[in-house]
Amino acid sequence: MTTKVAIIEDNTDFLNRFRSVIQSSPDFELVGSAANGIDGLALIRETVADAYLVDLGLPDINGIELIRFAVNTHPDCDVMVITMFADDSHVIQSIEAGATGYILKDSTTLDILDCIRTLRDGGSPISPLIARRILQKIQPVAPAPGHGTDRSPAKVSAGASSTTARPAGANALLSEREYQVLQALSKGLSFKEIGARYFISSHTVARHVKKIYRVLAVHSRGEAVYEATKLGILGS
């Protein structure tokens with residue numbers, strides 16, 4: 001199946017370049033483009049795409065608003081920011097609005113295509129340095145020992161039931177189900193096995209995994225387990 005892509009970019013040169021990049025690959029289909037925010041909203045409203053490429057520096061509407069609108073209108077879509085802005089503020093606002101990828105406009109053709117493929121595979125193509133800054137900003141401060149955090153073995157190893165006492169980081173970053181899926185991933189279970197354990201479909205498992213990858217800013221199961229362990233979401 002081809003990946004349907006829509007582009008919202010006000011700079012004509014970049015828009016033409018991105019259109020050419022998408023049209024050059026047989027596994028992608030360009031389903032529409034817009035050169036400003038107003039037309040971008042209409043494009044999102046009227047066109048279902050797997051991935052929306054959104055510029056932040058639009059002349060009429062903040063690209064952050066388009067990201068939020070795309071995610072709310074098409075919950076299963078991915079939004080990848082392609083921009084000149086590399087500062088923490090723009091990155092964090094984009095991720096908080098629902099963007100699943102963030103790359104700069106000087107990326108090569110292969111980088112852009114690979115980033116979109118990574119998005120659709122459940123990854124988050126974001127600079128590791130930027131990802132670490134994001135995690136540092138959203139990671140809660142762990143309470144000092146003896147100040148209300150129960151780290152007893154019975155609590156930590158109680159399994160994946162709804163009564164399990166989860167680390168503070170997990171409560172802040174992941175839902176109960178996402179935490180269960182992350183635990184299952186760390187044990188090497190396949191999507192099918194995870195689905196059977198929690199009575200959900202493999203498709204639903206994939207959606208949870210995609211969210212986990214996005215929150216942790218990683219691209220693979222191994223990276224997810226490593227980052228979650230480092231952040232204290234999973235036990236070491």
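The values are calculated or read from the model by the stated rules, or taken from the named source; none is laboratory data. Note that the structure is predicted; figures quoted are calculated from it, not measured. Virtual Cβ from ideal backbone geometry, glycine too; neighbours counted across all protein chains shown.
Residues checked against (1) modelled with pLDDT under 80; (2) among the small types (G, A, S):
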{"site": "P140", "(1), (2)": "yes, no"}
{"site": "P145", "(1), (2)": "yes, no"}
{"site": "S162", "(1), (2)": "yes, yes"}
{"site": "Q180", "(1), (2)": "no, no"}
{"site": "L189", "(1), (2)": "no, no"}
{"site": "R197", "(1), (2)": "no, no"}
{"site": "H203", "(1), (2)": "yes, no"}
{"site": "R207", "(1), (2)": "no, no"}
{"site": "L231", "(1), (2)": "no, no"}
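If you check V48 against the conditions, is it among the hydrophobic types (A, V, I, L, M, F, W, C), under 20 Å from G122 (Cβ atoms) and surrounded by fewer than 20 Cβ atoms within 10 Å (Cβ to Cβ)? In short, yes. In the stretch 54-71, of all residues being under 14 Å from the mean Cα position of the chain (by Cα) and crowded, with 21+ Cβ neighbours inside 10 Å, the one that is farthest from T2 (Cα to Cα) corresponds to I67. Taking the stretch 72-89 as the range and being over 22 Å from L113 (Cβ atoms) and either at pLDDT 90 or above or buried (at least 24 other Cβ atoms within 10 Å of the Cβ) (or both) as the test, the residues that pass are N72, T73. Looking across the stretch 1-42, the residues that are without any contact (Cβ under 8 Å) to a residue 12 or more places away in the chain and within 20 Å of C115 (Cα to Cα) come down to M1, N16, R17, S20, Q23.
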